[in-house]
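*Asks:* Pasting a structure here, questions to come.
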Amino acid sequence: MRILHAVDRTLTAIVNAALVLIFAVMLTLAATQVFLRDLFHTGIYWGDVAARYLVIWVGFLGAFLATRGGKHFHIDVLTRFLNPRARLWFNAFSDLFASVVCLLLTLASATFVREALDPESTVFLGIPETALAMIVPVGFGLIMAQFVIKMIESIVNAMRETVEKKAAQ
Amino acid sequence: MTTLLIILILVIIALAGAPLFAIIAAIGLLVFTAAGTEPASLIAELYRLVNFPALIAIPLFTFAGYLLAESRAPKRLINLAQALVGWMPGGFAVVALFSTAIFTAFSGASGVTIIALGGLIFPALLKQNYPENFSLGLMTTSGSLGLLFPPSLPIILYSIVARDAAGNSVNIDKLFVAGLIPGILLLLILSAYSIRTGIVAKVPRNPFSFKAAWAGLKEAAWEAPLPVIVIGGIYGGIFTATEAAAVTAFYVLVVEVFIRRDLKFFSDLPRIIRESMILVGAILVMLGAAMGVTSYLIEAEIPNQLFGFVSQYVSSKFLFLVILNVFILVMNMIEIFSAIIIVVPIIVPVALQYGVDPIHLGIIFLLNLEIGYMTPPLGLNLFLSSLRFDRPLTQVYRTVLPFFLLLVSVLLLITYFPELSLALTGAVGVR
């Protein structure tokens, strides 16, 4: 458990820093473009494309953090009425399902980057498209890891609650 | 048979609380595999997101909204509104309506309004002798009011999703402008109801003071121009919605961090970026997962089949829209952003065949969202309101009823008269 938490914390710290940095670049780029375009009728010619890619990066990193906080959109009309232990088991099940789906998406996106994109093609500033697209498999992989960690936590907590309940009796 | 079984299983998993993006992705993986397409094609569909120029409006406006919510701007906004219209009968209730509407438009309508402004407005309403049930209903309604005004997140999301399904006739700029008249109509009708309540309940009125109004204006001088920048900028064709997003985010950042100094650069800003991007991430993965399903639906001509089926029973355009209203209302009670991402690609092509303008449909859809937020028993705002103001859910259900009826009547008006939504879109120089 302790190793798991250490991994989780390190990962979250890295993603946090990356997210803030990339967001800052995206905002600066987007704002600069508008000023250049509307005031001086010019612009950075790769600016719009770059900003579009950065949105996807920001999105995946945000989605990673959403996983940790349980902030992905989900239906809680039913689980809201469960007792805490039952809810933990339901959470573990949901996380298992999400991990499997994310695993499949990670594999599919790895295939996509390898086979569908031209490794020679560059998007802006000589950055290859494959490098920019890497956020898709990496993102889904990170999200999957997060779901697995959450699932293990839920199971451990649910079992602990069971033990405590028995001890109380 | 197998299909039905799979759908049933997925519905059960969704109800068990699994993230909806995973459910949608699972559907995508299943239909692609069934059609003999590689799963990598599903990712190719997701990857189309990099070609959506309007997408950047989502993170930028969300960030600006979170910044405003965290600053003291809401307090200044309420003070200004109070100084300007507080003298009218029902004045403070009208203040509540307008300030929550503006706040919701900027904060993305994810329920923050009730949490952030409720604590300021609800006790003040009670203190001024507004009936408790009226105040509670008003607060619950106000949580989603303003959703029709730019730059609300649901409008942006609708336009992105609908454009992908229906083509270029849908664009954010047009939708931003189209929401104005219906949104104002809604505010006026609710204001009339509030003024009536103010008179009936004999709420004491404050005299108008130029000094207070001037002080309020001065205090809110930096934030007050924001709606003008966004709406005026787009309306006047000065910039597109996407450009407005960049300008707004940058402007709000400079004002709240460097000029007003409500927020600190190093301690607050990273946290706000993170929190706002969590919402953006949750929306984007769901949108990405849905891209594949959407193109499958279009490829398989599902909307056409649906139209063929529905048109056997429903021939009039208006009746179709009424049935659609009921359907969307039920969908929206469950989860709003998912409803847009899942339902819009299916119904937009069907509505087009009925001759419904996709912009008009968008306004109907968004107003439905607004009502869905407060529709008993499952609307999100009912729960938030019950929690925030510590009142039983059943009381909240009862108190929203008059507001619900008013909103539904406006919905019918807007459904029946497309001109209300479309009049401005043709007239202005939207770029």
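*Asks:* Any residue in the range B:132-150 that's on the phi > 0 side of the Ramachandran plot: show its pairings with residues that are among the polar types (S, T, N, Q) and modelled with pLDDT of 90 or more at Cβ separation under 6 Å, as long as the two are six or more apart or on different chains.
*Replies:* Filtered contacts from the range B:132-150: no entries.
*Asks:* Could you please find all residues in the range A:100-121 being surrounded by 20 or more Cβ atoms within 10 Å (Cβ to Cβ), in contact (Cβ under 8 Å) with a residue 24 or more places away in the chain and not aromatic (Phe, Trp, Tyr)?
*Replies:* Within the range A:100-121, A:CYS102, A:LEU105, A:THR106, A:SER109, A:VAL113 qualify.
*Asks:* Which of the residues belonging to the range A:19-40 are within 18 Å of B:PRO270 (Cα to Cα), free of Cβ contacts under 8 Å to residues at least 24 places away in the same chain and buried (at least 16 other Cβ atoms within 10 Å of the Cβ)?
*Replies:* A:VAL20, A:LEU27
*Asks:* To continue, here is another question. If you go through the range A:25-42 one residue at a time, do you hit one that is closer than 25 Å to B:ARG274 by Cβ and among the basic types (Lys, Arg)?
*Replies:* Kept after step one, since they are closer than 25 Å to B:ARG274 by Cβ, are these residues of the range A:25-42: A:25-34.
Still in the list and also among the basic types (Lys, Arg): none.
Within the range A:25-42, not a single residue is closer than 25 Å to B:ARG274 by Cβ and among the basic types (Lys, Arg).
*Asks:* Suppose we filter B:ALA26, B:ALA54 for residues that are facing chain A (nearest Cβ under 9 Å) and closer than 21 Å to A:ALA63 by Cα; which single one remains? Outline the logic, then answer.
*Replies:* Details: B:ALA54 fails: facing chain A (nearest Cβ under 9 Å).
Among B:ALA26, B:ALA54, only B:ALA26 is facing chain A (nearest Cβ under 9 Å) and closer than 21 Å to A:ALA63 by Cα.
*Asks:* Can you tell me which residue among A:PHE64, A:PHE90, A:PHE124, A:PHE147 is surrounded by fewer than 22 Cβ atoms within 10 Å (Cβ to Cβ) and either of a type in the set (Asp, Glu) or under 18 Å from B:ALA18 (Cα atoms) (or both)?
*Replies:* Details: A:PHE64 fails: surrounded by fewer than 22 Cβ atoms within 10 Å (Cβ to Cβ); A:PHE124 fails: either of a type in the set (Asp, Glu) or under 18 Å from B:ALA18 (Cα atoms) (or both); A:PHE147 fails: surrounded by fewer than 22 Cβ atoms within 10 Å (Cβ to Cβ).
Within the list A:PHE64, A:PHE90, A:PHE124, A:PHE147, the selection yields A:PHE90.
*Asks:* Another question, if that's okay. Output the helices (runs of 4 or more DSSP H) that fall wholly within the range B:1-119 and possess 1 or more residues being hydrophobic (A, V, I, L, M, F, W, C), touching a Phe, Trp or Tyr at 6+ places or on another chain (Cβ under 8 Å) and buried (at least 24 other Cβ atoms within 10 Å of the Cβ), or say none.
*Replies:* Numbers: elements: B:2-15, B:20-34, B:39-47, B:57-70, B:73-85, B:91-107.
Those helices (runs of 4 or more DSSP H) span B:20-34, B:39-47, B:57-70, B:73-85, B:91-107.
*Asks:* Let me ask another. Does B:TYR235 satisfy the criteria of being at pLDDT below 90 and either among the hydroxyl-bearing types (Ser, Thr, Tyr) or loosely packed, with under 13 Cβ neighbours inside 10 Å (or both)?
*Replies:* On the way: at pLDDT below 90: yes; either among the hydroxyl-bearing types (Ser, Thr, Tyr) or loosely packed, with under 13 Cβ neighbours inside 10 Å (or both): yes.
Spelling it out, B:TYR235 is indeed at pLDDT below 90 and either among the hydroxyl-bearing types (Ser, Thr, Tyr) or loosely packed, with under 13 Cβ neighbours inside 10 Å (or both).
Residue-wise test of (1) facing chain B (nearest Cβ under 7 Å); (2) acidic (Asp, Glu); (3) part of a loop (DSSP other than H, G, I, E, B).
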position	(1), (2), (3)
A:VAL34	yes, no, no
A:LEU39	no, no, no
A:GLY43	no, no, yes
A:VAL49	no, no, no
A:ARG52	yes, no, no
A:VAL58	yes, no, no
A:GLY62	yes, no, no
A:HIS74	yes, no, yes
A:VAL77	yes, no, yes
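*Asks:* Sort out which residues of the range A:96-117 are farther than 15 Å from B:TYR47 by Cβ and at pLDDT below 95, and write them in order of number.
*Replies:* Keep residues of the range A:96-117 that are farther than 15 Å from B:TYR47 by Cβ, which gives A:96-104, A:107.
Scanning the range A:96-117 gives no hits.
*Asks:* Condition first: at the interface with chain A (Cβ under 10 Å from one of its Cβ atoms), more than 21 Å from the chain's Cα centre (by Cα) and without any contact (Cβ under 8 Å) to a residue 40 or more places away in the chain. Can you find one or more residues in the range B:79-97 that meet it?
*Replies:* Start the filter on the range B:79-97 by keeping residues that are at the interface with chain A (Cβ under 10 Å from one of its Cβ atoms), which leaves none.
Looking through the range B:79-97, none of the residues is at the interface with chain A (Cβ under 10 Å from one of its Cβ atoms), more than 21 Å from the chain's Cα centre (by Cα) and without any contact (Cβ under 8 Å) to a residue 40 or more places away in the chain.
*Asks:* Determine whether B:LEU352 is farther than 26 Å from B:PHE21 by Cα and part of a helix (DSSP H, G or I).
*Replies:* Details: farther than 26 Å from B:PHE21 by Cα: yes; part of a helix (DSSP H, G or I): yes.
So B:LEU352 fits the description; yes.
*Asks:* Of all the residues that make up the range B:259-308, how many are on the phi > 0 side of the Ramachandran plot and either buried (at least 19 other Cβ atoms within 10 Å of the Cβ) or acidic (Asp, Glu) (or both)? Show your work before the answer.
*Replies:* Taking the range B:259-308 first, the residues on the phi > 0 side of the Ramachandran plot are B:261, B:301.
Subset that is either buried (at least 19 other Cβ atoms within 10 Å of the Cβ) or acidic (Asp, Glu) (or both): B:301.
The qualifying residues number 1.
*Asks:* If you don't mind, another one. Here are some residues: A:VAL123, A:VAL138. Which one is within 30 Å of A:GLY47 (Cα to Cα), assigned to a strand (DSSP E or B) and not basic (Lys, Arg)?
*Replies:* On the way: A:VAL138 fails: assigned to a strand (DSSP E or B).
After applying the criteria, what remains is A:VAL123.
*Asks:* Which numbered condition trips up A:LEU11, out of (1) surrounded by fewer than 16 Cβ atoms within 10 Å (Cβ to Cβ); (2) more than 10 Å from every other protein chain (Cβ to nearest Cβ); (3) within 21 Å of B:LEU279 (Cβ to Cβ)?
*Replies:* (1)
The values are calculated or read from the model by the stated rules, or taken from the named source; none is laboratory data. Computed from a predicted structure; not experimentally measured. Cβ: placed from backbone, ideal geometry, glycine included. Neighbour counts: every protein chain shown.
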